[in-house]
Structures are given as structure tokens and as C-alpha cells.
Amino acid sequence: MITLQHYLILSTILFSIGVVGVLTRRNVLVVFMSIELIMNAVNINLVAFSHQLHDVAGQAFAVFVITVAAAEAAIGLGIVIALFRNRETVHVDEIDLLKG
Amino acid sequence: MWEALLFYLLAAVTVIFAIMVVTARNPVHSALFLGGTLIAVAGLFLLLGAEFLTAVQIMVYVGGIMVLFLFVVMLYSLERWGQGALLSPNWKTAIVLGVVLLAELLLFTWKGLSTFSVSGMPVPQEIQGNTESLGWALYQQYLLPFEVASVLLLVAILGAVLFTRKPTAKDKR
């Protein structure tokens, strides 16, 4: 029998993989993909609670999370392209314009 | 029985592909593995009875966001820039922090759920017709957030266009 706990543990693991990806990778595109993994972990949680509580509100929230993820991907990739044009790099440790 | 089998299959695909996203050297491979993870998560949504979200997940995430990633990687041949060191200089600290975070979250999930009584909550009437009920919720209870989300998407379009256009002579002055 698959319970809420199974889904929560799955989303915990997915979230942690995403966090490790954001913190360790140098390529800014992979960092963005890791952020998508984190958002998917959140969505699994929301939908699992929605299923458990028989309340559609969690799914409505998941729709908003997907909306924000789409906007974030568009803006983020726009920033990556602008950055690549100006600095010729996609490595996060070489992006230090604000460092004095 | 089938539900458990499907859950474990989809969960394994999700986790393995997510690990591949983070560990793959080539960003194109990362993006393709991300697509696999997203499709598996869509299957989990289906298992949870969220048909509309399954469709949205596949159309928006796999058909939109993942293709956008692939498009950018290939358009600017960014995979060439994936050469050199794979990990940032402080990766050891980051992995330790990630493991600590995972342990904490698992502990809280394990211990916390017994104190958080789900069964004591009021259970509304059974949802029938997932898309219909979600539509009612979105257009009645969550109408304002829905409109705000549409404004957010408009701003995102404008922002993406602004960031990616070529700098004109006027900008350089």
C-alpha cells in the first residue's frame, strides 16, 4: 500500500538531489535544471497532500508552481544568453562581476 | 499491488534520472535526463489522480521548458563550454551539506507525519472529474492568483525579449 509517506520521502530525495546539483555544478544551465528538479519535488508534495486530503487546492498550487517555473526558465535562459554574449562563459565561478 | 509496482518503478526512474541530470558532463544529456525525470513525475501525478496536472506537466515542462533548455544549449553550442572542471571549487562542502539536508528532511518526514494527523482533517466530498474541479477552484477560489500568474507570464515574456535582443547602437552610447 502506497501511503503519503512514500511520496514525501521520494520528494525529499528529489529535493536533495536538486540542492546538491545547485551547489556543486559549475555549468549554469545544469544549475537551472537542478532548480527544476527542486520545483518538481515541491509539486509531488503538493499533489500527494491534495490526494490525501481530497482537496483540489494542492493541485491549484502546483499549477501556479509550474507557471512560475516556466517564467523562471524563460528569464533564466535569457540571462544565460545575455551573459554568454558579454562574458563568453557559462561557469558560475567565473561570473564575479559584482566582486570588488 | 499494481499501484505499488508502478509507484516504485516511477520513483526509481525519477531518482535515477535526477541523479543523471546532476552528474552528466554534457548539458544536452542533462536536459534529456531531465525530460525523463519530468515524464516519470507526470506518471506519479497520474497515480495520484491528478490527470490535468499530468497533461500540464508533459506539455509545459517536457514540451516547453526542456525543449527551451535544449534549444539554448544547441543554439549557442554551450556544450563546448562544459569542458574543464565539472564541479565548483567548494563541491566537498556542498555534498556534505546536501547529505545533512537529506538526513534532516528524512528524519522530519519520518517523525513528523505521525504527529501531523491527516486522518483528523475534515474530508470534503470526493473529487469527481479532476479537470472540472480544478477548473472551478482556479476560476473561483484562486481567481486573483490566476490573474497575477498571467501578469507574471507577460512580464517574463517581456523580460526574455529584453535580455536576449542584440544590443543596438543606441544602447552603446
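Of note:
- Considering the range A:31-56, the residues that are facing chain B (nearest Cβ under 7 Å) and out of contact with any Leu (no Cβ under 9 Å at 6 or more places or on another chain) include one that is surrounded by the most Cβ atoms within 10 Å (Cβ to Cβ), namely A:ASP55.
- Single residue of the range A:69-89 satisfying the filter (modelled with pLDDT of 90 or more and more than 7 Å from chain B (Cβ to nearest Cβ)) that is surrounded by the most Cβ atoms within 10 Å (Cβ to Cβ): A:GLY76
- Any chance B:ALA4 is crowded, with 21+ Cβ neighbours inside 10 Å, at pLDDT below 95 and of a type in the set (A, V, I, L, M): no
- Which listed residue is over 21 Å from the mean Cα position of the chain (by Cα), part of a helix (DSSP H, G or I) and of a type in the set (Val, Ile, Thr), from B:THR93, B:THR37: B:THR93
- Checklist (1) in contact with a Leu (Cβ under 8 Å, 6 or more places away or on another chain); (2) more than 8 Å from chain B (Cβ to nearest Cβ) applied to A:ASP96, failing item: (1)
- Single match in A:ILE9, A:ILE35, A:ILE2 (criterion: within 21 Å of the chain's Cα centre (by Cα) and closer than 23 Å to B:LYS111 by Cα): A:ILE9
- Across the range A:78-100, the qualifying residues are those that are free of Cβ contacts under 8 Å to residues at least 24 places away in the same chain and in a loop (DSSP other than H, G, I, E, B), and the one among them that is nearest to B:ASN26 (Cα to Cα) is A:THR89.
The values are calculated or read from the model by the stated rules, or taken from the named source; none is laboratory data. Since this is a predicted model, take the numbers as computed values, not measurements. Cβ coordinates were reconstructed from backbone atoms using ideal geometry, including for glycine residues, and neighbour counts include every protein chain displayed.
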